[in-house]
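Written out below as structure tokens is the structure these notes cover.
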Amino acid sequence: MEIGVQTKNVIKDSCPLEGFTMLKRAGFSCCDFSLDVYLKNFNVYQNRINDFFSAPLDELKEYFTPHKQAAQTADITISQMHMPYPNYVPGGTDELNEYLRCVVAPKSMEICAFLECPYIVVHGFKLSHYLGSEEAEWEKTSEFLDLIAPMAKKYGITICIENLYTGLGGHIVEGPCCDASKAAKRIDEFNERYGAQVLGFCFDTGHANLVGLDFENFITTLGPRLKVLHIHDNDGISDLHQIPFTFTRTRENTSSTDWDGFVKGLKGIGYKGVLSFETAPVLTAFPNVMKADVLRFIANIGRYFDGILS
Amino acid sequence: MNVSYRNTYMIDTKKPAGGIRDLKNAGIQNLMLCISAWLWPPEEEQEEMPRWGGKKNVRKRETPDTIKNRYMDMITACRRNGIGISVLYAPRFSRKKDKPWLQDYITDMMLECIEFCKRAGCPYLIVGMPEKDYDYIGFYGKLSAKAREAGIMILLINQAEDFAGHLVRGALCESHAVVELIDQLNHDAGNNVFGFCLDMGVCNICGNDVQSFINTLGNRLKAVILRDNDGHHNTAQMPFTCAHGESLATDWIGLIRGLRDICFQEELIVDFTDTLAVFSPLLRPTLFRLACEVGNYIKWQIQLEQNLKKYKSIVLFGAGNMCRNYMKCYGGKYPPLFTCDNNPKLWDTEFEGLTVKNPEELKNLPDDCGVYICNIYYREIETQLREMGIKNIEYFNDEYMPTFYFDRLERDEE
């Protein structure tokens, strides 16, 4: 199986080849292109929008041409990408939400196609508090997906919804797409309607751990709808995006994340996708001079999973 | 809808008189009785048990009779004083240990709890299943005939599981699977013998979407345990007492919305055992009163819409955000005749499609019209209305609305 990692904190716009080469040397064959770094969520929530995505599409393609070429040169496949998020800000100005919907999202799809990336991960809207139910919330997400799904069909891209969380009084609870049964039905409905695999799922291990989801059961329920992964670890309390097997919570010092269930689930559904790590924060935690070592370690964990799965 | 309270630290099973008096003074009329029982192996296996201080730790094995004897006096005393036992929580045992005597022992104990439930005049018995992936159908199936005969409903319950120190979703934490299981059990039993009790404390630890969980359960939901915790530790604290950064740690809005969605009319159980445990016994009677208020408040919130049906017509008092929220969520279904406000500048203006009138106009209302205060100065306005001789005064509240606006009105003068 192929092993991938986020480009965030590795690939520099000034010299993408350096980062892609580092990934290759560390043992990765794929990457999760972090398009979200070009419009950071913190700024979006603050209504501070930069003009990156306002540039004409040709300019954006030109901007990412060195990245595309560097990835090819280094023999790294851009196997998935993360669309900037959120795609809707409750209480945000109409102008802001219109920009996210009509500029950022379609241009992200275009960039995804340009980079020949088959999967793009999007965040569902977090609106249940305002709209009164998870169903009403999904309706809004669904409207958004309907905007970009025709592009997905045209370019052969699968949009992947991801299990998310939301904060509640100092701890974390379920957010959008945490019900695997519902997600499976909704994905099927979308794909049937479009007559193409326009929608799939991205299972995020860290988010699942935060709300104590049963990994194996969740993955099994998703089955072939599971297209991509965000593999990372945390203490079950905060979304830390750390290296798997990092956290223990008892004196026995066994991992407090159900990696066994994760692997069993993947094996059970015959997952053949990329084992992709979403561990960019690890690279800022370790000294910069250790970046290559840390990446190698992450890739080795990928190989460990691969060994069991194969 | 009945509100009951977990008995632990509220009433002494051996000397119940003092507890009963305090419960009555607080206005508490129903209890959930938690049966505690030590799981102790037969004598031939006791050699394996740990020893403390070099002594063999011999303890008599709990039997159904010892349990009955322990609680029956308390139940009788409660009954005499008008306090009912509305729910019984059976002892919880781990079934992981592969002991030949264990399965039968637990089944016998549960069967006896059904009998005990009947004698206590209690309609619900909560029987927890601590482990995931157990033979639920086999285990619960053994209880169905006796429960049906006794007229007792067995309630399954969601439970958290310790995964290397991290509490995660354990048995019956996924609503779709729960529904499938209960329907299968009831089908096999040929009757509605099985229902569900939702433990809010577990939902909080597992970060469940409570509203969705409840909606999926529908009328299979027969009881809800109301307890608070920080979302990390499995404690039972008084609802609304766990907060962080000035916000609640528990999804009470999801609970209230969900229970409204399914028109819940069954059992609410307030469990604040850990809060009680750390308070001085001298202060506990005060806590009982607060707990009673909290239980009644949650019930009132759940029944908010039902309360709007009490009168043939209604008017509102207040022309601010709460009135706006009323009109958004209930204005179409229960349209008020008008609203009124103490601010003369607003009189005879329009707000959210309503005419804002002078409160003096309330004196001309018909007898079957309710006046709903839509303003956080409830008590001041209530006093004002009473002094005006207004009847049918009710509170409206927008803390747990079915939906919310993304913004708040800036001109609000509430």
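The values are calculated or read from the model by the stated rules, or taken from the named source; none is laboratory data. Predicted model, so just to flag it, every value in this text is computed and none were measured. Please note: Cβ atoms are built from the backbone with ideal geometry, for glycine as well, and neighbour counts cover all protein chains shown. To get the accessible areas, we keep the full protein, side chains included, count just its heavy atoms, and leave off ligands, DNA and RNA. Shrake-Rupley method; radii C 1.70, N 1.55, O 1.52, S 1.80 Å.
Here is how the numbers come out for the structure above:
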{"read-out": "Relative contact order computed over the stretch B:307-395 (Cα-Cα under 8 Å; 6+ residues apart), in percent", "value": "32 percent"}
{"read-out": "Accessible heavy-atom area order of B:Ser212, A:Ser310, highest first, probe of 1.4 Å", "value": "A:Ser310, B:Ser212"}
{"read-out": "Number of partner chain Cβ atoms within 10 Å, mean per residue of A:88-94", "value": "1"}
{"read-out": "Average beta carbon contacts from partner chains per residue of B:202-208, 10 Å cutoff", "value": "5"}
{"read-out": "Cα-based helix-to-principal-axis angle, B:64-80 vs chain B, degrees rounded to 10", "value": "30 degrees"}
{"read-out": "With all protein chains modelled, accessible area of B:Trp300 [1.4 Å, Å²]", "value": "60 Å²"}
{"read-out": "Intensity falloff of the stretch A:200-295 expressed as log10 I(q)/I(0), Debye formula with alpha-carbon point scatterers, at q = 0.11, 0.15, 0.25 Å⁻¹", "value": "-0.33, -0.60, -1.29"}
{"read-out": "Protein-only accessible surface order, largest first, of B:Leu282, A:Leu295 at 1.4 Å", "value": "B:Leu282, A:Leu295"}
{"read-out": "Antiparallel content of DSSP bridges confined to the protein assembly as shown, in %, to 5", "value": "20 percent"}
{"read-out": "Descending principal axes extents, the stretch B:307-395, alpha-carbon based, whole Å", "value": "31, 30, 23"}
{"read-out": "Backbone HN-Hα couplings from phi across the stretch B:176-191 [Karplus 6.51/-1.76/1.60, Hz, Gly and Pro as x]", "value": "5, 5, 4, 4, 4, 5, 5, 5, 5, 4, 5, 5, 5, 7, x, 6"}
{"read-out": "Highest to lowest packing among A:150-156, A:118-124, B:202-208, A:177-183, scored as the average C-beta count within 10 Å", "value": "B:202-208, A:118-124, A:177-183, A:150-156"}
{"read-out": "Long-range HN-HN contacts of B:Asp251 with modeled amide H, under 5 Å", "value": "none"}
{"read-out": "Accessible area (Å², 1.4 Å probe, nearest 10) - A:Glu192", "value": "150 Å²"}
{"read-out": "Probe 1.4 Å, all protein chains present, accessible-area order of B:Trp252, A:Trp138, largest first", "value": "A:Trp138, B:Trp252"}
{"read-out": "Inter-chain shielding of A:127-134 (mean C-beta neighbours from other protein chains, 10 Å cut-off)", "value": "6"}
{"read-out": "Rounded D (µm²/s) - the stretch B:333-381, Kirkwood Rh over Cα pairs, Stokes-Einstein at 37 °C, 0.692 mPa s", "value": "280 µm²/s"}
{"read-out": "Inter-centroid distance (Cα atoms) of the stretch A:178-255 relative to the stretch B:251-321, Å", "value": "35 Å"}
{"read-out": "Net charge over other residues, Cβ less than 13 angstrom from the Cβ of B:Lys391 (K, R count +1; D, E count -1)", "value": "-2"}
{"read-out": "Using alpha-carbon coordinates, inclination of helix B:136-150 to the longest axis of chain B, degrees", "value": "80 degrees"}
{"read-out": "Cα-based radius of gyration of chain B once divided by 2.2 N^0.38 Å, which approximates compact folds", "value": "1.15"}
{"read-out": "Carbon and sulfur %, accessible surface of the stretch B:2-302 computed with the full protein complex present, 1.4 Å", "value": "49 percent"}
{"read-out": "For the protein assembly as shown, diffusion coefficient by Stokes-Einstein and Kirkwood Rh (Cα), 4 °C, 1.567 mPa s, µm²/s", "value": "45 µm²/s"}
{"read-out": "Residue-by-residue Karplus 3J(HN,Hα) for the stretch B:161-168, coefficients 6.51, -1.76, 1.60, Hz, glycine and proline x", "value": "10, 7, 10, 6, x, 10, 6, 10"}
{"read-out": "Other-chain or far-sequence residues with amide H under 5 Å of A:Met81's (modelled H)", "value": "A:Phe33, A:Tyr119, A:Ile120, A:Val121"}
{"read-out": "Nearest-ten-degree value, helix B:17-26 long axis tilted from longest Cα axis of chain B", "value": "20 degrees"}
{"read-out": "Computed helical MRE - 222 nm, the protein assembly as shown, DSSP H runs ≥ 4 contributing -39500 (n - 2.57), nearest 500", "value": "-12500 deg cm²/dmol"}
{"read-out": "Integer Hz, Karplus 6.51/-1.76/1.60 couplings in order for the stretch B:122-128, x for Gly and Pro", "value": "10, x, 10, 10, 8, 10, x"}
{"read-out": "Computed accessible area, B:Glu380, all protein chains, 1.4 angstrom probe, square angstrom", "value": "110 Å²"}
{"read-out": "Dimensionless Rg over Rh [the stretch A:3-309; C-alpha; Kirkwood]", "value": "0.94"}
{"read-out": "B:Leu155 long-range amide H proximity, modeled H, under 5 Å", "value": "B:Leu125, B:Ile126, B:Val127, B:Gly195"}
{"read-out": "Chain B: relative contact order as a whole-number percent, Cα under 8 Å and 6+ apart", "value": "12 percent"}
{"read-out": "Calculated log₁₀ intensity ratio I(q)/I(0) where the Debye formula runs over C-alpha points of the stretch B:194-257, q = 0.11, 0.24 Å⁻¹", "value": "-0.23, -0.99"}
